[in-house]
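The structure under discussion appears below in the form of structure tokens.
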Amino acid sequence: MKTIKFFAFLALTLTVSFNVFSQDKPGQVYLIRSTGYTGSAVNYRIYIDDKLVCKLKNKSFSIHDIGNGEHTVSVVSGGISNGKKSAPLKITVAEGKVNYISVVSTQSGYANKITCQEITQNSADPLLAKATQNKSCLTEK
């Protein structure tokens with residue numbers, strides 16, 4: 001009788017421990033804004049999967065842990081704008097991988113267009129060195 005209880009306890013312990021260690025670890029997304037002088041006094045609202053995750057000032061960045069898989073990132077100007085989000089950028093987040101997203105501002109005549117663009121770590125490092133981290137963003141997974 002004692003051996004049956006021992007093996008049942010051992011089986012339960014192994015089952016629970018495998019479930020704990022098999023969980024996926026989230027990936028990281030760096031949202032970087034260094035858009036120059038145009039609109040520099042206006043916060044940009046950044047959305048991941050249509051959920052507001054951060055309001056970024058110029059020359060700032062934020063770090064977000066999000067689940068693995070495909071996600072969309074878009075941005076809206078916080079000032080006087082039409083309120084439309086930019087075209088969504090699709091990114092694939094993998095376990096332990098870091099994705100760098102830069103907010104890009106282009107001006108054509110009097111119109112200012114903002115979009116999101118995925119960049120490499122080599123491109124992100126100089127931008128991060130000149131920016132300050134915004135730690136007061138929402139934490140969405």
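Counting only strands (runs of 3 or more DSSP E) wholly contained in segment 1-82, no element carries 3 or more residues that are open to solvent by less than 60 Å² (accessible area, probe 1.4 Å), modelled with pLDDT of 60 or more and touching a helix residue (DSSP H, G or I) at 6+ places or on another chain (Cβ under 7 Å). Contact map, segment 84-106: residues that are under 11 Å from I66 (Cα atoms) paired with residues that are open to solvent by 70 Å² or more (accessible area, probe 1.4 Å) and assigned to a strand (DSSP E or B), Cβ distance under 7 Å, separation 6+ or inter-chain. Pairs shown: T92/E70; N99/E118.
I need a count of the residues in segment 123-138 that are hydroxyl-bearing (S, T, Y), surrounded by 10 or more Cβ atoms within 10 Å (Cβ to Cβ) and free of Cβ contacts under 8 Å to residues at least 60 places away in the same chain.
Taking segment 123-138 as the starting set, the residues that turn out to be hydroxyl-bearing (S, T, Y) are 123, 132, 136.
Imposing the further condition that a residue be surrounded by 10 or more Cβ atoms within 10 Å (Cβ to Cβ) reduces the set to 123, 132.
Still in the list and also free of Cβ contacts under 8 Å to residues at least 60 places away in the same chain: 123.
Number satisfying all stated conditions: 1.
Looking at Q121, Q117, Q107, which one is in contact with a Ser or Thr (Cβ under 8 Å, 6 or more places away or on another chain) and either at pLDDT 90 or above or under 13 Å from L31 (Cα atoms) (or both)? Quick ask: steps written out before the conclusion?
Details: Q121 fails: in contact with a Ser or Thr (Cβ under 8 Å, 6 or more places away or on another chain); Q107 fails: either at pLDDT 90 or above or under 13 Å from L31 (Cα atoms) (or both).
Testing whether each residue is in contact with a Ser or Thr (Cβ under 8 Å, 6 or more places away or on another chain) and either at pLDDT 90 or above or under 13 Å from L31 (Cα atoms) (or both) leaves just Q117.
The values are calculated or read from the model by the stated rules, or taken from the named source; none is laboratory data. This is a predicted model, so every value here is computed, not measured. Quick reminder, even Gly has a Cβ in these numbers, built from the backbone with ideal geometry, and neighbours come from all protein chains shown. Accessible surface areas use protein heavy atoms only, side chains included; no ligands, DNA or RNA. Shrake-Rupley method; radii C 1.70, N 1.55, O 1.52, S 1.80 Å.
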